[in-house]
1. Across the stretch 282-293, in residue order, what do the Karplus-derived ³J(HN,Hα) couplings come to in whole Hz, using 6.51 cos²θ - 1.76 cosθ + 1.60 with θ = phi - 60° and x for Gly and Pro?
2. Strictly over 30 Å apart at the Cα level, which of 420/525; 150/330; 236/506; 150/337; 132/523 would you flag in this model?
3. What ranking of 180, 232 emerges when the number of other C-beta atoms within 10 Å of each C-beta is taken as an exposure proxy, fewest first?
4. Fewest first, what order do 506, 334 take by the number of other Cβ atoms within 10 Å?
5. Residue-wise, which Karplus ³J(HN,Hα) couplings in Hz belong to the stretch 413-420, taking 6.51 cos²θ - 1.76 cosθ + 1.60, θ = phi - 60°, and x for glycine or proline?
6. Classify the stretch 174-333 from the C-alpha gyration tensor, please: rounded if a/c falls under 1.5, else prolate or oblate depending on whether a/b exceeds b/c.
Amino acid sequence: MHACRHLSETINIGLQYLDGGIYTSKIQILGIEQSVQCLCSDIGNISLIKFTMMTIMGVINLVIFLILSLFVVSIVVLMYVTRSPKEMKGIPGNLGWPILGETLSFISDFSSPSGIFSFMHNRQQRYGKVFKSFVLGRFTVFMTGREASKILLTGKDGIVSLNLFYTGQQVLGPTSLLQTNGDPHKRLRRLIAEPLSIDGLKKYFHFINTQAMQTLDHWQGRKVLVLEEASTFTLKVIGHMIMSLEPTSEEQEKFRSNFKIISSSFSSMPIKLPGTAFHRGIKARDRMYEMLDSIIARRRSGQEFQQDFLESLIMKHSKGGTEGEDDENKLTDKQLKDNVLTLLVAGHDTTTAALTWLIKFLEENPHVLEQLREEHRGIIANRKSGTDLTWSEVNNMPYTAKVISETLRRATVLPWYSRKASQDFEVDGYKIKKGWSVNLDVVSIHHDPEVFPDPQNFDPSRFDEPLRPFSFLGFGSGPRMCPGMNLAKIEICVFIHHLVTRYKWKPLDRDNSVQPTLVRMPKNKYPVLVEPL
């Protein structure tokens, strides 16, 4: 049967199956004033449509079945992969839920005011100084105490190696100082240490001093986020030291925006999908490397010459650039870029956090602030009128040095050190197997009441006398001690000198929560109102 009618009328096509009425379709098209011909289905057409619809439904059911099967298989595989190794059964602890383990508790405690300390302390109360857990996709043995510190940080006989989380490994690159071991690590560390040595820092002292003063010039009478200001200050310094970036240049701003994205991606979930922190970090890293490629090309072509760390690497390690040195021993461009990024990280994150916490602790402890202020007023009083802060003055601030150490103890900006067992070893009577992830709990070491009485109290006098080895790990210890340690001390001393002799400040928010990042920083970025003295 064929029929034609105007599409301005309502068209109803009803299809019903005789074997149960599985499918009914009703199409209504209204308000069309155009007249066309249409073909209505005859019995053969209906059969064809029925067959087509049954085929579509079959495909949909098959797809749903495959998705559910894949989901079930994935769950089974994950549960198998996340089973505790048999050898780990002798170590006390709780692995938590299947697949997730104790990750949710770990993240929740990590961003609380007490940070990772609450996670560690609760389990140490139950299991002792050594316990196992499953967090962030890893079976991990957590440990604390001086014996564990000595074993994990000295790395004697290559017993352990650094063990970055997957996101950090991918962002920093495979040739980074933080991912190498043995002789390659020693070689790269010598390169990294050169510009960050005491002698290497001297030529940048004037720049650091100028940037500190210029940063603080904008604070008077303003509400500022100390963490943001500290980050900008330290990035300008390290960017200038490494590749001579001008503090107010467009290139510096691009560098700063990309670096902040990279830094925030280190503790993200390892999901490389558009919109995730990990994906943004990789993209920002790629943009940073494009900037470096452009700068390196200009330097090699002779268009640009600077006396900075990047220039020294290019001159020493370009293929054929240094007589008497084999090309095999020179850095590739990939190695060069990976380690420039590593140096940026070493010169920024921990310093930014430490400076912010120090300013916060000073406000919370007026007697410490007053004693610190007296030290710096004394420096000014003994200085010739009209002269700036000098290198020798910065290296003669004994009370300031104690305040910095107490800040690093109390805040513990790096709450744990992650390592991987390179061979079997034993700690506190527990056998650790080769290949296991082991984390040193630094927060508990820094809050051990036997070493630091009343550990929650901020007391710089704790450092009046030398401490027992491996009881204070402010900058780490052993062959992987923080390469940016000297730079951090200089930057903090210079900044604090100008701050305490010019200003007073009060917090606008006393929330003590911390960001859920690898480097502990105040979640509220520590907002303050600054006034002149």
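1. For the stretch 282-293, the Karplus-derived couplings read 5, 5, 5, 4, 5, 5, 4, 5, 5, 4, 5, 4 Hz, x marking Gly and Pro.
2. 420/525; 150/330; 150/337
3. 232, 180
4. Least to most surrounded, the residues fall as 506, 334.
5. Taking θ as phi minus 60°, the curve returns 4, 10, x, 8, 10, 9, 9, 10 Hz for the stretch 413-420.
6. oblate
Bear in mind that the values in this text are calculations on the coordinates, not laboratory data. Since the model is a prediction, treat every value here as computed from it, not as a measurement. For neighbour counting, all protein chains shown are included, and Cβ atoms are generated from backbone atoms with ideal geometry for every residue, glycine included.
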